[in-house]
Every structure is written in C-alpha cells, then in structure tokens.
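A short worksheet on the structure shown next.
The values are calculated or read from the model by the stated rules, or taken from the named source; none is laboratory data. None of the values given here were measured: they were computed from a predicted structure. Ideal geometry is used to build each Cβ from the backbone, glycine not excepted, and the neighbour counts take in all protein chains shown. These area figures cover heavy atoms from the full protein model, side chains too; ligands, DNA and RNA do not enter into them. Shrake-Rupley method; radii C 1.70, N 1.55, O 1.52, S 1.80 Å.
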Amino acid sequence: SQKIEQNSEALNIQEGKTATLTCNYTNYSPAYLQWYRQDPGRGPVFLLLIRENEKEKRKERLKVTFDTTLKQSLFHITASQPADSATYLCALDTLNSGGYQKVTFGTGTKLQVIP
Amino acid sequence: EAGVTQFPSHSVIEKGQTVTLRCDPISGHDNLYWYRRVMGKEIKFLLHFVKESKQDESGMPNNRFLAERTGGTYSTLKVQPAELEDSGVYFCASSQYGGPTTGELFFGEGSRLTVL
C-alpha cells in the first residue's frame with residue numbers, strides 16, 4: 001500500500017541548532033515533493049518544492065533534499081528559532097490518470113524549538 | 001490580493017443534520033481542492049475541481065458528501081446527513097497550475113465541523 005511517513009513523535013531542539021525532519025514514502029513515484037508548515041488552527045502554508053531530478057533546494061534557512069532511490073526527503077532548518085515551532089508536512093506531488101496534479105500529505109512532524 | 005477563504009470557520013451540528021461548507025479560491029485559480037483532517041490523522045484528499053468540472057473525486061468518503069463549483073468560482077461541500085465520523089477540519093486549497101506542470105497549493109484556514 002502507499003505510505004508517506006514522517007517522524008510521528010514531536011521533535012524538540014534547542015534554539016540555534018539545526019532541525020532535521022524526515023519524510024519516507026513507499027509505492028509512490030512523485031514528480032515533485034513539497035513541504036508545508038502548519039500552525040495550530042491555521043491552514044498549511046507552502047514552503048518549498050523540489051523536483052525529482054533535483055538533489056537539493058535551499059531557501060533562506062531552509063534546505064530540502066530529495067533522494068528518489070531511497071524514497072526519502074530531508075528537511076533542514078538551520079539556526080532554528082522559537083518562531084519555527086510548528087507542524088511540518090511533507091507532501092508528494094504526483095500526476096493522476098487524467099494527467100493532473102494530486103498532492104498527498106504525510107501526517108506531519110511537530111517541531112518545538114526551545115529558547 | 002485575497003487568499004482562499006472558507007466559511008464557516010466552525011460548525012456544530014447534530015447527527016443527521018445537514019451542513020454546507022463554502023470555499024472561495026484565489027481569483028484566477030482554476031484548480032480547487034478539498035481536503036479533510038480528522039483527529040490525529042493526516043490531511044486527506046477529497047476531490048479536485050478544474051474550473052467547474054470534477055476532475056478527481058476519488059477521495060470522497062461516500063454519497064453523503066456532495067461538492068459543487070458553480071461557474072468555476074466558489075465551491076460548496078455539503079454533508080447530508082452528517083454522521084459522527086464526519087467531524088474534522090475541512091480544508092480548501094487552490095492552485096493556478098494543475099496539469100503537467102505543478103505549483104504550490106494555497107490553503108484556506110479550514111472549516112472545523114463537529115457532529116454531536
């Protein structure tokens with residue numbers, strides 16, 4: 001069966017350290033992989049998109065890697081800040097039988113940055 | 001520019017009643033998606049509109065759920081009759097792309113449905 005797995009437990013890290021979140025998937029062939037941030041009571045907010053032929057993507061303090069052989073993406077936040085505390089969602093971007101984008105989400109990892 | 005707006009933000013109804021959720025996508029976005037998150041689970045895909053047409057409704061749980069998108073603008077999601085397991089947060093998202101290319105999804109804040 002198809003699965004998108006993220007760290008089920010919350011991740012607590014000290015301010016200033018690098019947070020690394022993992023996303024593993026099975027039985028998918030995504031063309032793209034996206035990461036979103038979700039705060040309590042809010043909708044997800046897009047952060048980064050990486051294509052299957054890209055190994056790494058950066059945006060400010062964020063870095064995403066995508067390994068289609070391992071079927072894994074890593075999401076890094078460097079110099080983490082308490083404001084980075086949120087739930088981070090991995091999302092696989094595939095094409096359905098009609099050739100349209102379908103975005104499927106993992107369960108998310110809750111990140112807590114401790115001052 | 002206005003983002004994706006959803007109404008109501010929270011609805012509490014009795015089992016067996018009907019609820020209609022509304023979503024206004026970002027102007028010019030042809031693609032509109034409905035998702036649902038039930039307690040402790042992942043955000044699950046329900047369906048996808050391209051303009052006014054249902055492109056993919058493979059995630060709709062059963063025939064108690066009816067989605068429409070009149071004129072390719074706003075969309076409604078009706079649950080009739082509601083059951084306890086329908087409780088959760090219903091998210092709407094829109095995107096400009098959706099065919100062979102892809103793009104980020106813009107989400108609304110969600111409509112929380114509580115069925116008692």
Residue B:18 fails exactly one of the following numbered conditions: (1) exposed (fewer than 13 other Cβ atoms within 10 Å of the Cβ); (2) hydroxyl-bearing (Ser, Thr, Tyr); (3) within 13 Å of another protein chain (Cβ to nearest Cβ); (4) more than 21 Å from residue A:32 (Cβ to Cβ). What is the number of that condition?
(3)
Look at the stretch A:88-109 and say how many of its residues are surrounded by fewer than 18 Cβ atoms within 10 Å (Cβ to Cβ) and either of a type in the set (Gly, Ala, Ser) or modelled with pLDDT of 95 or more (or both).
3
Go through the stretch B:69-93 and give me each residue that's at pLDDT 95 or above, over 10 Å from the mean Cα position of the chain (by Cα) and not β-branched (Val, Ile, Thr).
B:69, B:74, B:80, B:81, B:82, B:83, B:84, B:85, B:86, B:87, B:88
So which residues in the stretch A:60-87 are over 17 Å from residue A:17 (Cα atoms), of a type outside the set (S, T, N, Q) and either touching a residue at least 60 places away in the same chain (Cβ under 8 Å) or open to solvent by 30 Å² or more (accessible area, probe 1.4 Å) (or both), if there are any at all?
A:67, A:70, A:71
Quick check, is residue B:85 open to solvent by 70 Å² or more (accessible area, probe 1.4 Å), in contact (Cβ under 8 Å) with a residue 40 or more places away in the chain and among the charged types (D, E, K, R)?
yes
Have a look at B:32, B:46 and point out the one that is touching a Leu at 6+ places or on another chain (Cβ under 8 Å) and either open to solvent by less than 30 Å² (accessible area, probe 1.4 Å) or away from chain A (no Cβ under 12 Å) (or both).
B:46
